[in-house]
């Protein structure tokens with residue numbers, strides 16, 4: 001669920017993930033732009049696989065269908081694109097034993113941060 | 001009033017509906033600031049000068065180096081070692097002597113930012129790091145000066161036009177990301193051209209298009225994507241609570 005410039009995904013949450021409690025959503029296009037999520041205000045997704053890479057691929061496919069540019073894993077390099085940072089339970093994915101192929105388990109929190117551009 | 005040489009010089013843009021002599025006169029009396037005269041600043045300064053923005057202040061603390069020449073189009077080999085603002089003033093004045101170019105050779109800091117930009121009608125971002133951008137953003141919000149953010153890396157760039165009190169400011173996003181990723185010369189040229197266009201529209205009284213919107217340019221697939229952005233009610237810079245402090 002994006003609060004500011006982040007997308008936070010909870011794996012198998014015990015409660016529904018909703019917009020409630022958020023003071024503002026400054027990048028609303030990141031907020032689950034697929035139709036049923038817009039109606040319900042709830043993101044629900046199932047992934048084919050149990051890795052971080054599979055989750056990001058599934059989300060990318062959903063955003064692509066909604067015509068939103070969200071592709072954390074670069075299809076050419078098969079690695080994380082420099083537009084994003086990904087954290088699992090607060091730890092940068094590069095510090096995980098298997099990186100993008102780390103397995104996710106119930107209760108894990110995955111945070112995707114969109115990075116801004118600072119060169120001139 | 002425009003004189004005969006101005007009518008000839010600006011002939012092509014005077015023909016544009018909703019611009020005309022009235023718009024040109026507004027530009028002639030306008031005052032724009034460009035902070036950072038590197039890849040972004042060289043391009044935006046060139047177009048603002050060519051368009052006839054009456055007063056342009058350029059701010060930078062750097063000297064010209066060889067790695068600048070792939071994208072900083074106002075600097076040539078013979079300029080290496082010289083202060084960027086001095087070279088830029090010289091070249092821009094030769095492009096359009098009707099424009100008053102004021103160079104300021106200094107590093108923008110939290111302390112000096114408000115006094116540097118005071119009096120500007122618009123500030124264009126030409127810097128290369130997040131810290132300076134947040135300082136400029138904060139000063140612009142405090143002084144109520146529109147600030148046009150532009151940032152690039154590699155083949156991608158971003159633009160948004162910040163109108164204090166109306167749109168989200170840069171700090172609304174708690175923005176992060178590393179610099180120094182590399183830049184292809186045309187990327188800042190594209191982004192800075194959009195910044196200059198937004199500035200010109202603003203200066204002649206038209207509505208800029210990127211207020212409350214973030215434009216993302218991707219040079220890999222040559223696509224521009226524009227998304228709505230919202231204010232952060234808890235923003236440490238532009239929220240009502242922050243502004244009271």
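Where a number appears in this text, it was derived from the coordinates with a stated rule and is not lab data. In this text, all values refer to a predicted model and were calculated from it rather than measured experimentally. Heads up, the Cβs are rebuilt from the backbone with ideal geometry, glycines too, and the neighbour counts pull from every protein chain shown.
Within the P(r) computed for segment B:115-223, what percentage of the Cα pairs occupies the region above 18 Å?
Summing the P(r) tail past 18 Å for segment B:115-223 gives 46 percent.
What are the semi-axes of the equivalent ellipsoid of the protein assembly as shown, taken as the square roots of 5 times the eigenvalues of the Cα gyration tensor, listed largest first and rounded to whole Å?
41, 22, 19
Need the C-alpha centroid separation for segment A:90-120 versus segment B:48-74, integer Å.
The two parts, judged by their Cα centres, are 38 Å apart.
Report the Stokes-Einstein translational diffusion coefficient (µm² s⁻¹, integer) for chain B, Rh taken as the Kirkwood radius over Cα pairs, at 37 °C with viscosity 0.692 mPa s.
D, rounded to a whole number, is 180 µm²/s.
How large is the helix-only mean residue ellipticity at 222 nm for chain B, computed as the sum of -39500 (n - 2.57) over DSSP H runs with n ≥ 4, divided by its residue count, in deg cm²/dmol to the nearest 500?
My calculation for chain B gives -10000 deg cm²/dmol from helical runs alone.
Applying 1/(1 + (r/R0)^6) with R0 = 30 Å to the Cβ-Cβ distance of residue B:16 and residue B:102, what FRET efficiency is obtained, to the nearest 0.05?
0.60
Could you line up B:1, A:114 from fewest to most neighbouring Cβ atoms inside 10 Å?
B:1, A:114
Going by Cα centres, segment B:149-213 and segment A:43-68 are how many Å apart?
Between the Cα centre of segment B:149-213 and that of segment A:43-68, the gap is 29 Å.
From the Cα gyration tensor of segment B:1-143, with a ≥ b ≥ c the square roots of its eigenvalues, which class applies: rounded if a/c is under 1.5, or else prolate if a/b is larger than b/c, or else oblate?
Since a/c reaches 1.5 but b/c is at least a/b, the shape of segment B:1-143 is classed as oblate.
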